[in-house]
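As structure tokens, the structure follows; a few thoughts come after it.
Throughout, read-outs are computed from the coordinates displayed, never taken from laboratory work. Treat the numbers as computed from the prediction; the structure is a model and nothing was measured. No Cβ is skipped: glycine too gets one built from the backbone with ideal geometry, and neighbour counts run over all protein chains shown.
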Amino acid sequence: MAGFRVLPIDSKLAEAVRSTLKSPQYGHPAHVETASGYGPCRACLKQFRAGEEDRILFTFNPFQGLDEYPSPGPVFIHAKSCAGFSKSGQFPEELKSLPLTLEAYGENRWIIARERPSAAEIESSVERLLQTSGVLYIHVRNTEAGCFIARIERNSGTTENLLLSTCS
Ligand SMILES: [Zn+2]
């Protein structure tokens with residue numbers, strides 16, 4: 001296996017949302033509510049326990065630091081601090097059962113390939129997309145809602161440093 005990492009939203013950005021209750025990138029007010037759906041949380045990449053946990057909805061552009069053309073959209077995180085997902089080479093267990101679309105991007109945000117793997121096929125799908133010529137990173141989206149969930153890159157990728165530098 002070539003190795004990959006699933007990257008949640010930056011932890012500093014998540015903390016900024018919690019402390020200001022605004023979108024750090026756009027300034028729009030964030031919305032706090034008791035979770036009525038599974039989410040997931042874009043920081044720890046776990047599903048919400050509906051009716052039990054509070055979550056924050058805010059506007060997020062997942063292309064910041066990657067491309068000049070933004071695509072702002074709504075995302076949720078836990079209202080309380082949670083540990084950002086950081087396991088290398090693993091796909092988050094609680095995401096596997098969700099309806100997922102993997103979008104593999106090349107230069108200038110061009111979508112080179114797109115797959116909708118079943119739970120059992122996800123890791124092999126990720127490996128295949130990352131081995132496709134020209135692919136720089138993958139976005140994971142919810143197939144039903146269309147919302148951004150997480151980014152995937154090769155273990156040796158440099159795009160994370162790029163992103164971190166714009167979020168600090
Ligand atoms: Zn969380």
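Of note:
- Dipole magnitude of the chain, debye to nearest 20 (Cβ charges: Lys/Arg +1, Asp/Glu -1, about Cα centre): 160 debye
- Two-decimal log10 I(q)/I(0) for segment 26-168, as the Debye equation yields it once each C-alpha is a single scatterer, q = 0.12, 0.20 Å⁻¹: -0.49, -1.40
- For segment 83-138, the list of trypsin sites (Lys or Arg not before Pro) that fall in a loop by DSSP and count at most 13 other C-beta atoms within 10 angstrom reads Lys87.
- Residues of type aspartates and glutamates that Lys80 reaches as a straight line, Cα spacing below 16 Å, ignoring anything fewer than 8 places off in the same chain: Asp10, Glu15, Glu33, Glu52, Glu53, Asp54
- Restricting the GluC sites (Glu not before Pro) of segment 101-138 to loop positions (DSSP other than H, G, I, E, B) with no more than 16 neighbouring Cβ atoms within 10 Å leaves nothing.
- Applying 0.36 nm per residue to the separation of Asn108 and Thr20 and subtracting their alpha-carbon distance, the gain on full extension is 28.5 nm.
- Using the Cβ-Cβ distance between Arg49 and Ser124 with R0 = 22 Å, the FRET efficiency computed as 1/(1 + (r/R0)^6) comes to roughly 0.15.
- Taking other residues whose beta carbon is less than 15 angstrom from the beta carbon of Val17, and scoring Lys, Arg as +1 and Asp, Glu as -1, yields +2.
- Each of Ser71, Gly106, Tyr38 was scored by the projection of its Cα onto the charge dipole of the chain, and the greatest displacement toward the positive side belongs to Tyr38; charges sit on the C-beta of Lys, Arg, Asp and Glu.
- Database remark: amide H of Gly89 closer than 5 angstrom to the amide H of Phe4, Arg5, Val6 (H placed geometrically; neighbours at sequence offset of 5 or more, or on other chains; Pro and chain starts carry no H).
- Counting only lysines at least 8 places from Lys87 when in the same chain, those with an alpha carbon closer than 22 Å to its own are Lys12, Lys46, Lys96.
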